[in-house]
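Taking it in order: structure first as structure tokens, then the write-up.
The values are calculated or read from the model by the stated rules, or taken from the named source; none is laboratory data. Note that the coordinates shown come from a computational prediction; the quantities given were computed from them, not determined experimentally. Glycine also receives a Cβ, built like all others from the backbone with ideal geometry; neighbour counts cover every protein chain displayed.
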């Protein structure tokens, strides 16, 4: 669907070039919600903007369903943009137009016949649950409502891709939830591919299927969301995960008793539902004391993590660990003294 | 001191002349200045039709025209006035220099009003596939409408001031009246009356401009 190959972009600021994107390659599948996450300045928005060429890449290839976006002439590019919706952090609604007028704008640009516009506007407002605000001006709306107008406008021309540039970053947590739920709903119902830029791991966890982590203009890791949540490899991913309200363990508060190693288990998919711990206790005789744990429901699967303290003889402990590993559970010894 | 009816009779014709000059000068200044302002905005660095050459030439022309003191510009433009209206003296003739003096002012007013429009709106419009024409007329101009109205109010008031000066070198209107009676014949009451009419005019236009600007902003 979207194929990004070796995209490079340099900004010129004060005579010296700032390399914002240093050769980025990504493959985004049709119908998926793909997250791009990174700290500020990592280049995530810059990358997103190259997809519809709001920002021109210096080199590289961006294929959107077969067409190389970077080679399009102005008129072709405008036609392509009608099929790529975009929503923004600050909504960017026209203050001179009502809610209806803002959605109609997209349709006017999309060259819809005049008489079809009111019907399509009503349809879109219904989709985002704002039918009663049709005649309000943006200045009379809350942030969440403004973003709903943004979504209605972005989808009016029936795009196959929706680009979301920090669309929930200016919203409070509750509104963020409702906007994400709406995006997920739209993705499921319409099969639209969503590429979403954010700096919040919570957003990725809630709706993304796959994610790429950007660090200083490079993709430092990418893959399924649950894999990155379970085993973040990059510093950025670990740092961003640490901001999530829940953590599987707090390193300072772990009990440190000789001969009683502290181990963290990561379960995924099928293993999260199995009584693996109790079986390990029964078959090896080791004692397993649970320190903390959580199970997350991700869009595609369940992911759990558990931090435990093992006690018993050395054989019992080693036996319990090898049994648990054999059940496809990732184990990490956090402390052993 | 002349009686009141005499004063009113004396003021009536010059007031109409001033209104006539101001109206048509504003109209022609806008016709010239509005597109110029738009071109300045879209061709400037980072604009939707960025073109350094066009921008620098027009920017220079605007600056040069605005540097001329109006009274000098009028004299410089005598040949043009003669070419367009056939004479250099009179109310109609002074519309030519007035319009040309005010056009670069209108251009700057339009330029600064459109520049105030949040760049995010332009970006959103671009992302939807809008053409430059659609961005100008469906985004920039409607979004800048309140500032444009206030800017035009400023233009009209400036033209009223210039028109008084035009009167001094044979353009007619209230300025001409004030100079002829108040200055040359020492009839201070006529001078004061002419100034009062101009003040009232300015107040009304500013009031109307403010009210209109409020109506068009949401």
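Quick notes on this one:
- From the options B:131, B:127, residue that is buried (at least 23 other Cβ atoms within 10 Å of the Cβ), free of Cβ contacts under 8 Å to residues at least 24 places away in the same chain, touching a helix residue (DSSP H, G or I) at 6+ places or on another chain (Cβ under 8 Å) and within 14 Å of another protein chain (Cβ to nearest Cβ): B:127
- Restricting segment A:61-78 to residues that are loosely packed, with under 12 Cβ neighbours inside 10 Å and farther than 21 Å from residue A:192 by Cα, the residue that is nearest to the chain's Cα centre (by Cα) is A:71.
- Identification of strands (runs of 3 or more DSSP E) wholly contained in segment A:177-225 with 3 or more residues that are touching a helix residue (DSSP H, G or I) at 6+ places or on another chain (Cβ under 7 Å) and either at pLDDT 95 or above or crowded, with 23+ Cβ neighbours inside 10 Å (or both) yields A:193-198, A:210-215.
- Scanning segment A:86-128 for residues that are farther than 18 Å from residue B:129 by Cβ and either within 11 Å of chain B (Cβ to nearest Cβ) or surrounded by 19 or more Cβ atoms within 10 Å (Cβ to Cβ) (or both) turns up A:89, A:90, A:91, A:95, A:96, A:98, A:99, A:100, A:125, A:127, A:128.
- Positions within segment A:155-176 being assigned to a helix (DSSP H, G or I) and more than 14 Å from chain B (Cβ to nearest Cβ), in sequence order: A:173, A:174, A:175, A:176
- The condition (being closer than 18 Å to residue B:175 by Cβ and buried (at least 22 other Cβ atoms within 10 Å of the Cβ)) is satisfied by just one residue among B:98, B:114: B:98.
- Qualifying residues in segment A:49-64 (those that are within 23 Å of residue B:131 (Cβ to Cβ) and either in contact (Cβ under 8 Å) with a residue 60 or more places away in the chain or out of contact with any helix residue (DSSP H, G or I) (no Cβ under 7 Å at 6 or more places or on another chain) (or both)) - the one nearest to the other protein chains (Cβ to nearest Cβ): A:52
- Residue match in segment B:51-65 (condition: surrounded by 22 or more Cβ atoms within 10 Å (Cβ to Cβ) and in a helix (DSSP H, G or I)): no
- Summed over segment A:75-84, the residues that are touching a residue at least 40 places away in the same chain (Cβ under 8 Å) and facing another protein chain (nearest Cβ under 8 Å) give a count of 2.
- Answer from B:148, B:177 - the residue that is free of Cβ contacts under 8 Å to residues at least 40 places away in the same chain and in a helix (DSSP H, G or I): B:148
- Residue among A:95, A:131 that alone is under 23 Å from residue B:117 (Cβ atoms) and more than 23 Å from the chain's Cα centre (by Cα): A:95
- Options B:33, B:47; residue that is closer than 18 Å to residue B:148 by Cα and in contact with a helix residue (DSSP H, G or I) (Cβ under 9 Å, 6 or more places away or on another chain): B:33
- Sole residue being more than 10 Å from every other protein chain (Cβ to nearest Cβ), buried (at least 18 other Cβ atoms within 10 Å of the Cβ) and either at pLDDT 95 or above or touching a helix residue (DSSP H, G or I) at 6+ places or on another chain (Cβ under 9 Å) (or both), chosen from B:144, B:178, B:168, B:208: B:178
- Being touching a residue at least 12 places away in the same chain (Cβ under 8 Å) and touching a helix residue (DSSP H, G or I) at 6+ places or on another chain (Cβ under 6 Å) holds for only one residue in A:23, A:31, A:43, A:35, and it is A:35.
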